[in-house]
1. At R0 = 45 Å, how high is the FRET efficiency between VAL594 and ALA323 if r is their beta carbon distance? Nearest 0.05 is fine.
2. Please report the spacing between the Cα centers of the stretch 451-504 and the stretch 644-690 in Å, no decimals.
3. Over the stretch 704-823, what percent of the accessible surface lies on carbon and sulfur atoms, probe 1.4 Å?
4. Bin all alpha-carbon pair distances of the stretch 217-311 at 5 Å intervals from 0 and give each bin's fraction as a whole percent.
5. Expressed as a whole percentage, what fraction of the accessible surface of the stretch 128-276 belongs to carbon and sulfur atoms when a 1.4 Å probe is rolled over the protein heavy atoms?
6. Please give me, ordered by residue number, the trypsin sites (Lys or Arg not before Pro) of the stretch 714-769 that lie in loop per DSSP and have at most 13 other Cβ atoms within 10 Å.
7. Taking 37 °C and 0.692 mPa s as the conditions, I'd like the Stokes-Einstein D for the stretch 690-823 in µm²/s, using the Kirkwood hydrodynamic radius from alpha carbon pairs.
8. Quick check: pseudo-label points 7 Å beyond the Cα along Cα→Cβ at LYS288 and GLU711, how many nm apart are they?
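The values are calculated or read from the model by the stated rules, or taken from the named source; none is laboratory data. These numbers were taken from a predicted model, which means no experiment stands behind them. Cβ sites come from the backbone with ideal geometry, for glycine too, and all protein chains shown count toward neighbours. All accessible areas refer to the heavy atoms of the entire protein, side chains included, with ligands and DNA or RNA removed. Shrake-Rupley method; radii C 1.70, N 1.55, O 1.52, S 1.80 Å.
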Amino acid sequence: MNLLSVEKPARYMGGEMGSIRKIDADIRFALAFPDVYEVGMSHLGLKVLYHVLNEVEGIAAERVFAPWPDMERQMRAADAPLATLETATPLAGCDIVGFTLQYELSYTNIVNMLRLGGIPLLAKDRGGLLPLIIAGGPCAYNPEPLADFFDAVLLGDGEEAVVDIACAVREAKKLGEGKTQLLERLSAIEGVYIPSLFDPQYASDGTLTAIAPLKPGHTAVRRRFLANLDVAPYPDSPVVPFMKTIHDRVAVEIARGCTRGCRFCQAGYVYRPLRERSPETILNVIDKALKATGYDEISLLSLSTGDYSCVTPLVTELMARYAEDRVAVSLPSLRVGSLSDELIDEIKKVRKTGFTLAPEAGSDRMRRVINKGITEADLIAGAAAIYQAGWRLIKLYFMIGLPGETADDVAQIAALARQVKDQAKGNGVGGDVNVAVSTFVPKAHTPFQWEPQISMQETTDFQYQLHCDLKKRKLKFKWQDAPLSFMEGVFARGDRRLGAVLIRAVELGCRFDGWREHFSLERWLRAFADCGVDPEWYLRRRELDEVLPWDHLDCGVTRDFLLAERRKALEEAETKDCRDGSCSACGVCDFTVVTNRIAQKAEIPPYHNNTPDESASSRIRLRFAKTGVMRYLSHLELITVFTRAVSRGSVPIMFSLGFHPHPRFSFGTATSVGVESHAEYMDMVVDSGVSALEVMERLNAVLPEGLRILESEEVDAKSPSISTLIDATRYRISLPGADSEEIQAKCEQFMAHGSYVIQRTKKGQTQTVDLRGETVSLVANGQIVELVAKRGKPVEFARAITGIESLQGDDIHVEKLDVIFTP
């Protein structure tokens with residue numbers, strides 16, 4: 001594929017630092033994420049499974065992401081199949097393709113990826129043993145809209161189960177078993193659901209009458225539990241993308257599960273019980289990961305990070321270790337009730353962006369309904385403390401459409417947000433509040449799984465009400481588009497009849513439905529109509545004795561408990577947090593293997609930070625090559641690669657001063673994307689205790705294939721910037737298919753010009769460049785042109801020489817051979 005013709009080539013290059021390429025493997029397992037690269041590479045689960053599988057000898061985990069529409073057009077034009085990043089193995093050539101079910105609006109991407117991979121969409125149409133098409137993730141707790149596409153679905157924790165699945169496939173492959181035998185083998189693995197072993201049956205009104213098991217005694221599938229998170233494998237040297245991703249940081253899961261019992265929250269039920277990692281384990285992972293990646297931010301992840309038992313001593317220690325290096329610590333999920341003064345004092349030591357709080361509902365009454373466990377007074381007090389600590393922006397997250405909500409409850413969202421903003425004024429500081437509102441979508445395995453979802457019209461009415469109320473109070477407002485929530489609701493509680501709708505929607509062009517610019521409600525409504533399906537029917541209230549599409553899938557929480565929680569919601573009654581031993585009898589724990597595991601407040605081991613001595617430094621000049629796929633890196637991406645590489649290679653780089661310190665290196669003139677180069681130059685300032693040769697060796701040990709340091713030398717610290725020393729550049733330009741004699745004549749004709757002025761527009765500014773005036777020499781040799789020029793892009797010279805204005809970078813091949821320095 002021609003990467004110069006796509007918006008972001010780094011999405012498709014592969015070869016990143018930390019990626020693992022196994023040429024020979026018994027099992028090739030494609031981890032397929034149904035969204036664009038920068039979203040998928042921010043997903044923690046993908047990183048964990050990539051690490052776990054590649055630790056097993058003979059198993060190769062590889063990555064594949066949904067191609068953006070520009071790449072899909074190229075693939076279809078070239079009849080090229082979707083393939084993995086590591087070895088370019090087409091999906092159809094893998095042994096297992098495992099999709100992440102992260103979000104309902106990514107389902108069309110799953111279908112499209114199967115099509116692009118040349119794999120029959122329906123499991124019943126795939127006769128051979130392999131590839132096995134499986135899925136897992138949060139949406140796996142109701143995979144029924146996708147059930148006809150998958151051979152197997154994993155419910156629950158994947159660290160151990162994914163290896164069991166890969167080993168079962170390896171054994172079946174070795175024994176020459178057929179698909180039926182393999183599925184039988186997989187069905188014996190705890191947590192593995194085989195959709196073809198169950199047959200949903202419907203009444204004339206469209207409701208389910210039964211989900212009939214087709215294997216005797218196999219009436220339900222219970223989720224897989226990882227008993228102890230603290231001893232589970234975790235990636236401390238993850239893949240480091242070339243490009244900026246959604247979350248560019250070291251992400252560490254400090255706990256899994258939540259004991260708060262918010263009744264709207266599916267994750268709070270399906271990830272039970274609570275399992276915390278020890279502070280020592282977390283600190284070890286962070287220390288290794290920072291060195292391996294070069295990131296300058298740490299994110300502590302869990303459903304409620306502030307509830308982590310050792311959060312304050314952990315954050316205190318992280319500040320002590322890394323605040324001097326300006327490494328930020330992010331706690332993305334904080335509850336108002338978990339904000340202690342000590343915790344706020346620690347977080348404020350590093351750069352402050354926005355502080356996010358999630359009241360969820362506007363009124364205390366609605367927060368009692370959903371068992372949120374915080375009051376308006378708690379929120380106001382928390383906001384005052386946050387502003388007082390120095391933050392200037394608080395982000396508030398709410399939902400509309402919760403069961404039992406009234407227009408007055410919605411109106412209180414704006415009133416509460418204004419009170420939060422007033423806390424800044426009360427503390428004598430300036431402060432802003434951003435309000436984000438989503439529409440409540442009832443999810444499977446929650447107390448609200450029987451409740452109706454509000455319509456698109458009701459959603460837009462509430463949004464308009466909030467828009468007016470918040471505007472009057474001078475508050476910023478963000479919302480999720482009503483059609484997106486509508487579609488999410490259809491598939492969140494959908495059944496197998498939606499599979500045909502998905503196929504039709506993809507045929508009509510639906511892709512990337514979670515992206516506003518690509519979503520088309522019109523196409524979706526046509527797909528529903530073509531398949532004779534009424535989408536509104538899936539948003540209705542479910543009867544309490546109705547068979548639900550996911551009733552045969554056991555997340556551990558019992559139906560009786562969910563019904564009891566629903567009754568308590570109607571009564572606005574509280575369910576206590578079970579963290580401290582007050583068991584709510586949800587059904588998950590066996591109190592031996594599966595049970596809450598709380599981290600103990602132990603002494604944290606001492607840490608020695610070997611920061612280079614700024615007073616003793618030297619300046620190293622490097623010449624490096626950028627070849628192969630690395631030629632598609634932009635200048636900013638190249639800077640990112642070297643920022644990560646100096647950390648991975650333990651190069652004692654010096655940093656700039658100020659609030660946002662950066663490694664002290666500088667590059668020569670930026671080379672155009674797509675140009676191979678053997679003469680890139682950069683200077684870096686390092687600790688004087690390391691030699692130029694050592695710097696070169698350390699970097700070459702960690703740089704990706706296609707980037708290589710060719711020369712290194714120490715230069716005078718006071719010498720001019722490298723970019724000011726470059727006088728001209730020598731290029732070799734290949735013009736495939738050109739007539740040799742004609743090229744010779746056109747080169748002579750170009751050199752005969754007194755001037756050759758072109759115009760280029762950049763950021764709205766028009767620039768003029770005299771290409772002839774910038775040309776030092778020009779020599780033709782067959783279809784190859786050797787050019788030495790001071791300024792100007794190679795493709796601009798190629799157009800000027802050939803007279804072909806439409807010539808693009810992918811029509812020629814350019815090599816940067818050398819640079820000529822000023823005398």
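1. Values: r = 38 Å, r/R0 = 0.85.
For R0 = 45 Å, the calculated efficiency reads 0.75.
2. Using only Cα atoms to place each centre, the spacing works out to 47 Å.
3. Numbers: 3130 of 6930 Å².
In the stretch 704-823, the share of accessible area belonging to carbon and sulfur is 45 percent.
4. Going out from 0 Å in 5 Å bins, the stretch 217-311 shows 2, 12, 20, 19, 17, 14, 9, 4, 2, 1, 0 percent.
5. Values: 2620 of 4970 Å².
Answer for the stretch 128-276: carbon and sulfur cover 53 percent of the accessible area.
6. Working: sites: LYS718, ARG730, ARG732, LYS746, ARG760, LYS762, LYS763; in loops: LYS718, LYS763.
Passing both the DSSP loop test and the Cβ count: LYS718, LYS763.
7. Numbers: Rh = 17.2 Å.
My calculation gives 191 µm²/s for D.
8. According to this spin-label approximation, the distance is 4.0 nm.
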